[in-house]
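**Student:** Please read through the structure below; I'll follow up with questions.
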């Protein structure tokens, strides 16, 4: 996964948490919003990892298919 995307999401969540604490009081609503933001970012990061993994698997499968096609053509 792109570390830039993950870092950007973490930074965005940090900024939101800091903004929510700016009034000097962190309410239950603020804590729930922070947890929701972190959960959402975690799901997005996981989605990026799954996407990257499936892309890698597809590239490897296509490469192997090409190797097999070439090997059978030479015979």
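Laboratory data are not the source of any read-out in this text; all were calculated from the coordinates shown. Computed from a prediction, not measured in an experiment: that's the story for all the values here. Because the Cβ atoms are built from the backbone with ideal geometry, glycine has one as well, and the counts that use them run over all protein chains shown.
**Student:** Roughly how many nanometres apart are two label points built 7 Å out from the Cα toward the Cβ at residue 31 and residue 51?
**Tutor:** Result for the modelled spin labels: 3.4 nm.
**Student:** With equal scatterers on the alpha carbons only and no solvent term, can you work out the Debye log10 of I(q)/I(0) for the chain at 0.16, 0.27 1/Å?
**Tutor:** -0.69, -1.12
**Student:** So, one more: Tell me, what is the FRET efficiency for residue 7 and residue 60 to the nearest 0.05, using R0 = 22 angstrom and their Cβ-Cβ distance as r?
**Tutor:** On the way: r = 28 Å, r/R0 = 1.25.
Once the sixth-power term is evaluated, E becomes 0.20.
**Student:** Using only Cα atoms, tell me the angle between helix 3-21 and the longest principal axis of the chain; keep it within 0 to 90° and round to the nearest 10.
**Tutor:** 10 degrees
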